[in-house]
Amino acid sequence: MASWTLGSVRGIPVRVHWSLLLVLPLFAYVMARQYFAGEDALTLRSIAWGSALAVTLFLSVLVHEFSHSFMALRLGSRVRSILLMPLGGVSQMESMPERPRDEFLVTVVGPLTNFLIAGPLLVLHFLQVVPDPGGLATYVRWAGWLNVGLGAFNLFLPAFPLDGGRLLRAALASRMGLRQATRTAAAIGRGLAFLLGVFGLLALNAGGIWLILIAFFIYLGAGAEESATTLRALLRGRTARDLMTAQPVALAPDDTLDDVQRTMLRTRHLSFPVLQDGKVVGCLGLEEMAAIDHDRLAATLVRDAMSPEIPRVAPDEAAEALVRRLQESGHGHAVVLDGDDVVGIVSRSDVQRLVQILDALGDGATRAS
């Protein structure tokens, strides 16, 4: 996911997805046309106020996400980053609080922060104490209402990845457990996304495209949250040793990819550590093999195709932490080392296979393993 880091607050990096830079001018145009120009032609003044209101909207989203993150930090969770996207923001946490009460607190503080921002702005608006030199009063009014809308949309729509979906899960989790609560909340979210999409198609000429985009965002978010929760639940208490392929076949830097291809077909393994003088110098897997033209396999050495900078983990490293390292590094595999000795290798396919088995066999298999 291509994004840029703007800076960090309390150790939390703030990143902006590239697509936001494309959408922000569109938001500025729509707000300038709808709130500041009216029936008149657009002017530099109305465009400036529309741009200010669009930036304010995304700053409000950022403050919303900071409130989630700061509450999570207070309750002992670690926040990896905040990502701003065209349809909102995401606080990327290593894990959500386990207790439903804590998840409720982390979740509800976001919308409440937007309501707190909106309150003084709307008081100024209703008291009509703000002069309107070129649009200031209009800006104050709509900045207030946009924060009300942002808070209400997140709070009252019970669908992932919105706050309402997390609040619904927190309410259900005390009665049916986290995984079943997540599945139920995700199913409700997908249903709401379908309804929003239908309404968007029916109102296509009246701005329904926004409803369709939001429906798509919610549908994908529901599936992603369900998958992430299932993964965390199934890997909890497991280590790299449980995921790894033990005693993997090792390659030498001077082996050819033709040799590796034969080794893959013989062992049915998809990734291998590369050793030189008994030490790991890299890893080579199916992803690296696929990047080489087939007619060049015999002439290409392992050292020229391998990934030298790969995650190195200990056998007792938590499986959840290992999976995060694979995701963050962008590598498809990690080498498991006991001291300097290679004892295993973990690929994304290893993780997927274990999760599929555990999910199919159910909680009984998880307890018995």
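No value in this document is a laboratory result; all are computed from the given coordinates. This is a predicted model, so every value here is computed, not measured. When we count neighbours, we look across all protein chains shown, and the Cβ atoms used for this are built from the backbone with ideal geometry, even at glycine.
Per-residue counts of other Cβ atoms within 10 Å, averaged by peptide: what ranking do you get for 342-348, 131-137, highest first?
Answer by packing, highest mean first, reads 342-348, 131-137.
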The long-range amide H neighbours of L75, using H built 1.01 Å from N in the peptide plane and a cut-off of under 5 Å, are none
The correct pair for the chain, radius of gyration to one decimal and Dmax as a whole number, both in Å and from Cα atoms, is 25.4, 80
Taking 0.36 nm per residue of separation between Q352 and D258 and subtracting their Cα-Cα distance, the length gained on full extension comes to 31.1 nm
So for R0 = 41 Å, FRET eff. of F115-D338 from the Cβ-Cβ r, to 0.05, ends up at 0.15
Which residues qualify? For M93, with a placed amide H closer than 5 Å and at least 5 residues away or on another chain, they are R80
Karplus-derived 3J(HN,Hα) from phi for region 171-188 (6.51 cos²θ - 1.76 cosθ + 1.60, θ = phi - 60°), whole Hz, x at Gly and Pro, runs 5, 7, 4, 5, 10, 10, x, 5, 5, 5, 5, 5, 4, 5, 5, 5, 5, 5
Label model pair L22, D132: point-to-point distance (7 angstrom along the Cα→beta-carbon line) in nm is 3.7
Yeah, region 49-199 with a ≥ b ≥ c from its alpha-carbon gyration tensor (a/c under 1.5 is rounded, else prolate when a/b outruns b/c, oblate otherwise) is prolate
Region 105-124 and region 245-301 have their Cα centres apart by a whole-number Å value of 56
In whole Hz, the Karplus estimates of ³J(HN,Hα) for region 44-61 (6.51, -1.76, 1.60; θ = phi - 60°; x where Gly or Pro) are 4, 5, 5, 5, 5, 5, x, 5, 4, 5, 5, 5, 4, 4, 6, 5, 5, 4
Cβ-Cβ cut-off under 12 Å around M176, Lys and Arg +1, Asp and Glu -1: the net charge is +4
Computed about the Cα centre, the charge dipole of the chain from +1 Lys/Arg and -1 Asp/Glu charges at the Cβ has a magnitude in debye, to the nearest 20, of 1220
Here the residues of region 307-339 lying in the modelled label zone of A228, meaning backbone nitrogen under 17 Å from a point 7 Å along Cα-to-Cβ, are 320-330
By the mean-Cβ-within-10 Å protection proxy, highest first, 106-112, 143-149 rank as 106-112, 143-149
Here the relative contact order (percent) of the chain, from C-alpha pairs under 8 Å and at least 6 apart, is 10
Applying the gyration tensor rule to the Cα atoms of region 240-368 (axes a ≥ b ≥ c; rounded if a/c under 1.5, else prolate if a/b exceeds b/c, else oblate), the class is prolate
Karplus-derived 3J(HN,Hα) from phi for region 78-94 (6.51 cos²θ - 1.76 cosθ + 1.60, θ = phi - 60°), whole Hz, x at Gly and Pro, runs 10, 9, 6, 5, 10, 10, 9, 10, x, 9, x, x, 9, 8, 8, 9, 5
